1. State the percentage of accessible surface on the stretch 20-79 attributable to carbon and sulfur atoms; use a 1.4 Å probe and exclude ligands, DNA and RNA.
2. Whole-Hz Karplus ³J(HN,Hα) for the stretch 63-71, in order, using 6.51 cos²θ - 1.76 cosθ + 1.60 and θ = phi - 60°, x for Gly and Pro?
3. Take every Cα-Cα pair in the stretch 24-75 and report what % of them are more than 12 Å apart.
4. Please give, to one decimal in nm, the separation of the simple spin-label points placed at Leu27 and Ala62, each 7 Å out from Cα toward the Cβ.
5. Kindly report the accessible area of the stretch 34-79 per residue (heavy atoms of protein chains, probe 1.4 Å, no ligands, DNA or RNA), in Å².
6. How much length, in nm to one decimal, is gained on full extension between Val52 and Phe35, taken as 0.36 nm per residue of separation minus their Cα-Cα distance?
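The values are calculated or read from the model by the stated rules, or taken from the named source; none is laboratory data. Treat the numbers as computed from the prediction; the structure is a model and nothing was measured. Heads up, the Cβs are rebuilt from the backbone with ideal geometry, glycines too, and the neighbour counts pull from every protein chain shown. When the accessible area is computed, the model is the full protein with side chains, heavy atoms only, and any ligands, DNA or RNA have been set aside. Shrake-Rupley method; radii C 1.70, N 1.55, O 1.52, S 1.80 Å.
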Amino acid sequence: MSTKTAESGTTRGRSGAVTPARLAVLLLAALALTFVFENTRAIRIRLLVPEVTMPLWTALLATGLIGALCGAYAMRRRG
């Protein structure tokens, strides 16, 4: 088993640094979560064939998570 150590000065960046892009993502995530949890009434949603009644926040959160997973998968395939 090899124990290689990283040379000093070869790191690509600070992992804990607050960048404008990270700040924008955090702000958008906070706004999205605020929007999701402000919409709490029950609604009817048609899923292909069946029609279900669920709180709107559940549908919005599920849609957001599916979109985030698809975006993460696409970015991972790219690089």
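1. Roughly 70 percent, rounded to a whole number.
2. 5, x, 5, 5, x, 5, 5, 5, x
3. Of the Cα pairs, 70 percent sit more than 12 Å apart.
4. Between Leu27 and Ala62, the label points sit 3.2 nm apart.
5. Result: 89 Å² of accessible area for each residue.
6. 4.0 nm
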